[in-house]
Amino acid sequence: MAVKTYLEAITDGLRECLKADPDVFLMGEDIGVFGGAFKVTKGLFEEFGPERVMDTPISEAGFVGAGIGAALCGLRPVVEMQFSDFISCCFNQIVNVAATIHYRWGGKVPLTIRCPSGGGVRGGPFHSQSPEGWFMHTPGLYVVCPATPYDAKGLLVSSIRNNNPVLFFEHKWLYRRLKEDIPDGLYEVPLGVADIAREGTDVSVIAYGSCVAHALDAAEGLEKDGISIEVVDLRTLVPLDKEAILNTVKKTSRAVVAYEDHIVAGPGSEVCSILANEGFEYLDAPVERVAGLQTPIPYAPVLEDTYLPSPQKIAEAVRRVAAF
Amino acid sequence: MAKKTAAKSKSTAWSPKAEYLLTKEQAKEVYYYMRLNRSVEERAAALYRQGKIVGGCYSSTGNEAVSVATAYALEKRDFFVPLLRNFGGHLVRGQTPFHIFSQYLGRTTSPTRAKDCNVHLGNIKLKIPGIISHLSAYMPLACGIALACKKRGLDSVVINYIGNGGANVGEFHEALNLAGVWRLPFVLIIENNQYAYSTPNTAQYACQDLIDRAPGYGIEGAKIDGTDAFTVYGTTKWAIERARAGHGPYIIQTETMRMRGHAEHDGFEYVPKSMIEAWKKKDPLNKMVQTLKTEKIMTEKEIQATDQKIQDLIERDVEKALAAPLPDPEEVTQGVFADQTTENFFFN
């Protein structure tokens, strides 16, 4: 066991997978010699060499497509997007090639694409995106959004071992903010199983990624005002733990869904739809969403802070729902 | 990383161990597949006109020498990543008319179980990736297979195809750049058939020839007559063995004409009739038949017997395909995700 940040936990997961399986290799811009834009792959080039940790040209469609081809052969490429925002450069490769291969002709694509995503770092419109909604919507892809260091490592191991294309959205705002005592060596967190980050009785806050931390931040203040929230960390958007979503509202009868992706048709909208359809009889109040605004992500700190979900916004939504 | 001056001297220093000529037996086989290619497509076009094939029906009429002879130059351990006018290559690599008609007729006996259509005839057992409709989208994938071969120390080569239209899509450039930077065992055939749907090459790109782009990627290449199966085979075999020996990627631009429309629904009135007439004189099948006779490889009688065998095979396979089962509606939701077994990876 050792205390690791969310970022170090991911490094650990990569190292352990590289050690355990010679078919695993990394590709990405500046990940080798430089150790990665965020230093997630620091030390891996020195330890495993240029064949296992490849510095690529700036060609997202090219090297993601190459990852698909290598995966078809049985290798396990782990591709890094320098920022999740650049995933749109290889959108065709992901949604039309990787996602449809097994359905159409039975090929297997054990490809993992790691995406440093999310805002709060003053990166502006193209270094702050949370694009998970596009990929939750696309059949044939797994979408993973860890909210803790323990989950970041365990979910990464599961993602790399999975024989399907997995989009792994690691939240860059969480990289150095979260620290946790985590096991050494290899361990898995299963895909498709949500976690109860905090038990509660009055309102369910169903969230993933950075919004789990925001909800937990809001919990104490709400507790003092007599509102006990249950925070459900979805962990993975695909597969989605529908049972966990319904079980929590069975318990509390009220829900706030929080996600950083744009609000319209974002991942939380699917959660709301499930609640409206299959959780209807449990609900005593309308379901609220706290999400990224339906705008491009602005740069100026005051604008970005207005754009982003926050503990305050979650608390306000919880209070409205609790008072209904 | 050391700059690439070494690559140039290596490739000019490389000399093949043998001249890459088709033997007489091989020439007979190449003819067989070329005739099969054309006859299968003629039969499919007829089924389309009868309304039995729905959606789209594509042909490679005029491309048979390229389609067949390039694939024929591969060894079993090499990989074939086609484009859309490569049924000749599919047949060389083990697909059958029955597979093709099952696919076109939407039967579960298709290697895609009719989940995909017409030329997207992926076949996991034969390790043929089923393309998507977006052109050049499979070029990075083909490079990835080549990368995997290199990583595993296999001496396999990957052949891939693109057209004179598809060569202008973004992934073409990214893939070739990777092939050059990573020195991949990758041979690209640029099938120049003069038109991309209704667009002639003058509206498609500004360079004189697409092969002019090769040095831009640090790759060598050549332009050849795509209507002559012997030339196509020899050049492709040379490029494949060169890649196998570690001398990196190669690009071959083949010159042919698309003798039918983009697909069967297209009457291709935009192509000048004189152009079609001129290229008819270079028909790859007629050329092949001429050569077989003049080189005394096959007699007229033997050629006719082969053609008849092919017709009989096609008729049997059409009947089999028409009698094969349609998919169950429940199959719609099956197969979206792969299981965790290690079956069906290309390196098994």
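General observations
- The GluC sites (Glu not before Pro) found in segment A:38-78 that occupy coil by DSSP, while having at most 11 further C-beta atoms within 10 Å, are A:Glu51.
- Pairs from B:Lys76/B:Lys282; B:Lys115/B:Lys309; A:Lys19/B:Lys150; A:Lys224/A:Lys250; B:Lys237/B:Lys296; A:Lys153/B:Lys150 whose Cα-Cα separation, in the structure shown, is over 22 Å: B:Lys76/B:Lys282; B:Lys115/B:Lys309; A:Lys224/A:Lys250; B:Lys237/B:Lys296; A:Lys153/B:Lys150
- In the context of the full set of protein chains, chain B has a per residue accessible area of 43 Å² (1.4 Å probe).
- Selection of trypsin sites (Lys or Arg not before Pro), segment A:177-237, meeting DSSP coil and at most 16 other Cβ within 10 Å: A:Arg177
- Among B:Pro215, B:Pro185, B:Pro97, the largest mean-square fluctuation in a Gaussian network model of chain B (Cα springs under 10 Å) belongs to B:Pro215.
- Using equal-weight Cα scatterers in the Debye expression, the normalised intensity of segment A:3-70 in log10 at q = 0.12, 0.19 Å⁻¹ is -0.30, -0.73.
- Here chain A is treated as an ellipsoid with the same Cα gyration tensor; its semi-axes, largest first and in whole Å, are 33, 20, 19.
- Excluding ligands, DNA and RNA, the accessible surface per residue across segment A:173-323 is 44 Å² with a 1.4 Å probe.
- Three-way shape call for segment B:89-204 based on the alpha-carbon gyration tensor, with the a/c threshold at 1.5: oblate
- Solvent-accessible area of the protein assembly as shown (1.4 angstrom probe, protein heavy atoms only): carbon and sulfur portion equals 55 percent.
- The separation of segment A:245-316 from segment A:48-111, counted between C-alpha centres, amounts to 31 Å.
- GNM top mover of A:Cys17, A:Cys89, A:Cys211 - chain A, alpha-carbon springs below 10 Å: A:Cys89
- Reported value for the protein assembly as shown: 167 Å³ per residue, from the convex hull of its C-alpha atoms.
- The rule of thumb for compact globular proteins, 2.2 N^0.38 Å, goes into the C-alpha radius of gyration of segment A:148-196 1.16 times.
- Calculated mean residue ellipticity, 222 nm, the protein assembly as shown: -12000 deg cm²/dmol, from DSSP H runs (n ≥ 4) at -39500 (n - 2.57) each, averaged per residue and rounded to 500.
- Whole-number D in µm²/s for segment B:176-279 (Stokes-Einstein; Kirkwood sum over Cα pairs; 20 °C, 1.002 mPa s): 142
- Binned Cα-Cα distance frequencies in segment A:236-280 - 5 Å width, integer %: 5, 21, 34, 25, 13, 2
- Span from the segment B:251-277 Cα centroid across to the segment A:165-201 one, whole angstrom: 56
- Global form of segment B:215-329, assessed from the alpha-carbon gyration tensor, a/c cut-off 1.5: rounded
- 0 to 90° range, to nearest 10: angle between helix A:242-252 axis and chain A longest Cα axis: 20
- Packing around the peptides A:240-250, B:26-36, taken as the average count of other Cβ atoms within 10 Å per residue, puts them in this order, highest first: B:26-36, A:240-250.
- Translational diffusion coefficient (Stokes-Einstein; Kirkwood radius from C-alpha pairs) of segment A:1-117 at 25 °C, 0.890 mPa s, in µm²/s: 170
- Angstrom value of the Kirkwood radius, inverse mean 1/r, which spans all Cα pairs in segment B:137-208: 13.0
- Loop-located chymotrypsin sites (Phe, Trp or Tyr not before Pro) in segment B:191-260 (DSSP state other than H, G, I, E, B) with a sparse environment of at most 14 neighbouring Cβ atoms within 10 Å: B:Tyr197.
- The shape of segment B:278-344 can be summarised by an equivalent ellipsoid whose semi-axes, obtained from the alpha carbon gyration tensor, come to 43, 18, 14 Å from longest to shortest.
- Largest first, the three principal axis extents of the alpha carbons in segment A:169-236 are 42, 25, 21 Å in whole numbers.
- Divide the volume of the convex hull around the Cα atoms of segment A:105-197 by the residue count and you get 117 Å³ per residue.
- Surrounding net charge for B:Tyr250, when Lys and Arg each add one and Asp and Glu each subtract one, Cβ distance under 9 Å: 0
- Shown here are the Rg and Dmax of the Cα trace of segment A:163-302, at 15.6, 47 Å.
- Two numbers describe the Cα atoms of chain B: Rg and Dmax, which are 20.0, 61 Å.
The values are calculated or read from the model by the stated rules, or taken from the named source; none is laboratory data. No experiment lies behind these values; they were computed from the predicted model shown. Here Cβ is always computed from backbone atoms with ideal geometry, including for glycine, and neighbour counts include all displayed protein chains. Heavy atoms of the whole protein, side chains included, go into the accessibility calculation; ligands, DNA and RNA do not. Shrake-Rupley method; radii C 1.70, N 1.55, O 1.52, S 1.80 Å.
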